[in-house]
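The structure under discussion appears below in the form of structure tokens.
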Amino acid sequence: MRKAIMIVLALALLAGSASAKLGDLVASFPNVGKDTSHYGLAADGNNLYSFYELPTWRYPVIVMKRTTGSFVSSYPIPGATYRVRGLCYDGMGCIYGSIFSPSYVARFESGSGSLISTWTWPSGTRYAICVDHKGTSGGTYIYQSYYNGDFWKSSLGGSLVSSWSMPTSTNSVDHAWDYKNKLIWCVNYSTLWISGINPDTHKIVASFQHPRYASISNAYGIAYWPDYLYVSNSRGAPDEYIWVFDCPNTVGMTPASVGKVKALFK
């Protein structure tokens, strides 16, 4: 019976739903590893990548099947004694890790962890990170932020392009790039509000609250792969879970625009 449920869940995550609404809870499963801290989360077409901070000062990335959460592999992040907060996929088979101590970004191969390149932050203390990739091809810019709401836009090589501050603190330590809706997603780790930010206007255009906000805490990781958002918490009750939410491709449209889109497919 359990196996049948997992198969149905996997098919649902792969196929999506025509009646999906932003923030609908689709599934949840335990993050790999217990009694420790999970921070950044990234996703590609096959896997989820979770940064796992062990008390023994070994810092691996855990690779899991995206549809079921089952363990695939793990590897130490380049610079094994350094702490990562944000993780993101770059659309080209690599992961970016935002490392706050010391302050730099590492780009490494998603399957093996082999280091590709690094660069130092131009300014400011940063946690969250995402690349504006196109799913199966690379992007142009990197977006980073600190949990006080300060944002930075940089080239893929780390050259600063612009910066701004959100109207209110995001309390976010990880970002997810939504390449269908062209939004930066973040999760407030204290209130568990999940928000989509337009990178051009710097405005929050969509948001919803985690349905378990009253019973879990410290939501740190967030990842996107069509048509879902994946949110992980590092501790709380239940500990170390990954939650899967619907994220349809009409986020940020006005109601009239959504109606026009639906009419085209009747």
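Coordinate-derived values only; no laboratory data. These figures come from a predicted structure and were not determined experimentally. Here the Cβ positions follow ideal geometry from the backbone for every residue, glycine too, while neighbour counts run over all protein chains shown.
Here are a few things to note about the model shown:
- Residues that are among the β-branched types (Val, Ile, Thr), crowded, with 17+ Cβ neighbours inside 10 Å and more than 17 Å from the chain's Cα centre (by Cα) are absent from segment 166-178.
- Residue check, Ile129 out of contact with any His (no Cβ under 8 Å at 6 or more places or on another chain), buried (at least 23 other Cβ atoms within 10 Å of the Cβ) and not in a loop (DSSP other than H, G, I, E, B): no
- On inspection, Ile99 passes the criterion of being buried (at least 19 other Cβ atoms within 10 Å of the Cβ), in contact (Cβ under 8 Å) with a residue 12 or more places away in the chain and in a strand (DSSP E or B).
- Residue, surrounded by the fewest Cβ atoms within 10 Å (Cβ to Cβ), within segment 191-245, restricted to residues that are closer than 24 Å to Ser154 by Cβ and charged (D, E, K, R): Asp200
- Qualifying residue in segment 183-190 (condition: of a type in the set (Ser, Thr, Tyr), within 13 Å of Gly23 (Cα to Cα) and surrounded by 15 or more Cβ atoms within 10 Å (Cβ to Cβ)): no
- Scan of segment 132-150 for residues that are among the β-branched types (Val, Ile, Thr) and either more than 16 Å from Leu87 (Cβ to Cβ) or exposed (fewer than 14 other Cβ atoms within 10 Å of the Cβ) (or both), ordered by number: Thr136, Thr140
- Ser155 being over 16 Å from the mean Cα position of the chain (by Cα) and over 19 Å from Ser50 (Cβ atoms): yes
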